[in-house]
1. Test each condition in (1) assigned to a helix (DSSP H, G or I); (2) over 18 Å from L209 (Cβ atoms); (3) touching a residue at least 24 places away in the same chain (Cβ under 8 Å) for G238 and report the one that comes out false.
2. Which residues, counting only those in region 10-34, are surrounded by fewer than 20 Cβ atoms within 10 Å (Cβ to Cβ) and either aliphatic (A, V, I, L, M) or touching a Gly at 6+ places or on another chain (Cβ under 7 Å) (or both)?
3. Residue under question is R63, and the condition is that it be more than 16 Å from the chain's Cα centre (by Cα) and either crowded, with 24+ Cβ neighbours inside 10 Å or closer than 25 Å to R266 by Cβ (or both); does it hold?
4. Within region 202-209, does at least one residue satisfy the condition of being in contact (Cβ under 8 Å) with a residue 12 or more places away in the chain, surrounded by 23 or more Cβ atoms within 10 Å (Cβ to Cβ) and within 22 Å of S259 (Cα to Cα)?
5. For region 6-32: of the residues being of a type outside the set (D, E, K, R), touching a helix residue (DSSP H, G or I) at 6+ places or on another chain (Cβ under 8 Å) and away from ligand 1 (no atom under 15 Å from the Cβ), which is farthest from Q237 (Cα to Cα)?
6. Quick check on this structure: which one of G82, G115 is within 15 Å of ligand 1 (Cβ to nearest atom) and surrounded by fewer than 19 Cβ atoms within 10 Å (Cβ to Cβ)?
7. List pairs: first in region 57-86 and under 24 Å from R118 (Cα atoms), second part of a loop (DSSP other than H, G, I, E, B) and away from ligand 2 (no atom under 15 Å from the Cβ), Cβ under 6 Å, 6+ apart or cross-chain?
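Just so it is clear, none of the values below were taken in a lab; they were calculated from the coordinates. It should be emphasised that the depicted structure is a prediction, and the values quoted were computed from it without experimental measurement. Cβ coordinates were reconstructed from backbone atoms using ideal geometry, including for glycine residues, and neighbour counts include every protein chain displayed.
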Amino acid sequence: MSVTITVATTGPIASKADNAWLPTQPDEIAEQVHEAYKVGASVAHVHIRDAQDQPTADIDIARITMEKIAERCPILIQLSTGVGLSVPFEERERLVELRPQMATLNPCSMSFGAGEFRNPPADVERLARRMEELGVKPELEIYDTGHLEAALRLRDAGVLSGEPLQFSIVLGIRGGMAATATNLITLVDRLPQDCVWQVIAIGRANLELTAMGLALGGNARAGLEDTLYLRKGELSQGNLPLVQRVAELAKALDRPIASVEETADRL
Ligand code: KMH
Ligand code: ZN
């Protein structure tokens, strides 16, 4: 089965002080998405920043960023509704009104590094229902085993009807599952039949656990949101080297890379 590669260019946490190649403004993000598209990414996971480079759910910045990406390439856009720890849920959820092809849905609240990631059950359900109404495909972000159960409860309640369900297994966030092979396999074993899934491996274990996800038949995500480094001590000079590496890994494992059309058809 071909591999959908998602590029996660920016995220909510890192700054240009951490990695000068981190794209934060709409043109910078669109440029690096386009580079990733050219080497095989078919989905762009998009976080936006304000003029001071802080995470924001500003609808105009999001719209401009989506337009700048679409001007350059037909990659599928997955807006983050996680946005950033400091942004209230009521602002985050409005982003889906822009009707991106996909958006993330984080099913549970949790500690997140030194902060708190608030996803109260009633708010999550409201957002899930709105995504369903708008035809925005959710990517369910699973940071712990209980998050998967919460997502499956939404499905059982008829709130998530679009098959196949799409999951990210997030490993290595402080407050969520540790980045271990055992945790990955435990979660993969519990996924529903015929779903679409990828690994999001944060930090040092990014390469190994992304490779494991590919070997187990999953999709892959790459980019500076998940790791700023190509290897210990070597910053990645933008998103391209990370995406290229994952594309090469997939090919080495005899997994062809999905085009935008293939990814869209599968969903
Ligand atoms: N930053 C990742 C750990 C989201 O954007 O909604 C999780 C993520 C969530 O990508
Ligand atoms: Zn994100």
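1. All conditions pass for G238, except number (1).
2. Result: I13, A14, A17, A20, W21.
3. no
4. no
5. Out of the qualifying residues, it is P26.
6. From the options G82, G115, the qualifying one is G115.
7. Listed pairs, sorted by first residue: I77/Q101.
Conditions (1) within 15 Å of ligand 1 (Cβ to nearest atom); (2) without any contact (Cβ under 8 Å) to a residue 12 or more places away in the chain; (3) farther than 18 Å from I13 by Cα; (4) surrounded by 20 or more Cβ atoms within 10 Å (Cβ to Cβ), marked per residue:
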site: A151; (1), (2), (3), (4): yes, no, yes, yes
site: L154; (1), (2), (3), (4): no, no, yes, yes
site: L165; (1), (2), (3), (4): no, no, yes, yes
site: M177; (1), (2), (3), (4): yes, no, yes, yes
site: R190; (1), (2), (3), (4): no, no, yes, no
site: I200; (1), (2), (3), (4): yes, no, no, yes
site: M212; (1), (2), (3), (4): no, no, yes, no
site: A222; (1), (2), (3), (4): yes, no, no, yes
